[in-house]
Amino acid sequence: MRTQLFFLSVVAVATTAPALAQDSSLRVEREGRAPVTLAADAIRGLPSDTVSLASHGAAPVRYRAVRLTDIMAAAGSPVDSLRLGRKGWIVAAIARDGYVAVFSAGEIEPTVGPTRAWIAFERDGAALTADEAPFHVIVSTDARGTRSARQVNTIRILDALPAAPR
């Protein structure tokens, strides 16, 4: 009986370990291309800045974060490449709980739009809390935090104007 319980415990740990590892990565999807998964270490290795965010009247929290546009470029979809073909691209940051923050490609292009969207991986010099991990989208230029999203695990880039049915 003990052997069976030990075996079941080992099987349970072995089957959940990949899910935990996958949980700390960010999947970037773009229409017409294979998805790219960026490991947390790869994201931490990108150029980053400190971004402050004050939510609901609380004291500001300092995050270490990478620009959303740099994440897109690291995944092979630089925002300036989205102008090719003159499509209306949108970028969606999708959280585990289904919350979605949506941006137009033009507004997050640093030379075009005013929006500064960030993918945070640290909070006050430590790992993100379980409520925020694996990544937290912070939009430092929004007056309210409606597009700040916690537990983000997917960035989806898609054409807002798909071909009309014939």
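Out of the residues in the stretch 90-103 that are within 14 Å of residue 155 (Cβ to Cβ) and among the small types (Gly, Ala, Ser), which is surrounded by the fewest Cβ atoms within 10 Å (Cβ to Cβ)?
Pass one, the stretch 90-103, residues within 14 Å of residue 155 (Cβ to Cβ): 90-96, 99-103.
When the remaining residues are screened for being among the small types (Gly, Ala, Ser), the result is 92-93, 95, 101.
Numbers: 92: 16, 93: 26, 95: 19, 101: 22.
Only one residue fits best here, namely 92.
Quick check, is residue 160 exposed (fewer than 15 other Cβ atoms within 10 Å of the Cβ), more than 22 Å from residue 30 (Cβ to Cβ) and more than 10 Å from the chain's Cα centre (by Cα)?
Criteria not met by residue 160.
Mind listing whichever residues of the stretch 108-123 are modelled with pLDDT of 95 or more and more than 11 Å from the chain's Cα centre (by Cα)?
122, 123
Go through the residues of the stretch 79-89 one by one and say whether even a single one is under 14 Å from the mean Cα position of the chain (by Cα), surrounded by 18 or more Cβ atoms within 10 Å (Cβ to Cβ) and either at pLDDT below 95 or not aliphatic (A, V, I, L, M) (or both).
no
So for the stretch 112-121 (the condition being of a type in the set (Ser, Thr, Tyr) and either under 25 Å from residue 39 (Cβ atoms) or surrounded by fewer than 16 Cβ atoms within 10 Å (Cβ to Cβ) (or both)), does at least one residue qualify?
no
Filter the stretch 129-145 for residues that are in contact (Cβ under 8 Å) with a residue 12 or more places away in the chain and part of a loop (DSSP other than H, G, I, E, B) and give the result.
Matches in the stretch 129-145: 131, 132, 133, 134, 140, 141, 142, 145.
Taking residue 58 as meeting all but one of (1) under 15 Å from residue 26 (Cα atoms); (2) not in a strand (DSSP E or B), write down the number of the exception.
(1) is the only condition that residue 58 fails.
Across the stretch 23-41, what is the number of residues that are surrounded by 13 or more Cβ atoms within 10 Å (Cβ to Cβ), assigned to a helix (DSSP H, G or I) and modelled with pLDDT of 95 or more?
Total meeting the criteria: 1.
Any residue in the stretch 147-166 that is in contact with a Ser or Thr (Cβ under 9 Å, 6 or more places away or on another chain), part of a loop (DSSP other than H, G, I, E, B), at pLDDT below 90 and under 18 Å from residue 82 (Cβ atoms)?
Yes.
The values are calculated or read from the model by the stated rules, or taken from the named source; none is laboratory data. A quick note: this is a predicted structure, and the numbers were derived from the prediction, not measured. Here Cβ is always computed from backbone atoms with ideal geometry, including for glycine, and neighbour counts include all displayed protein chains.
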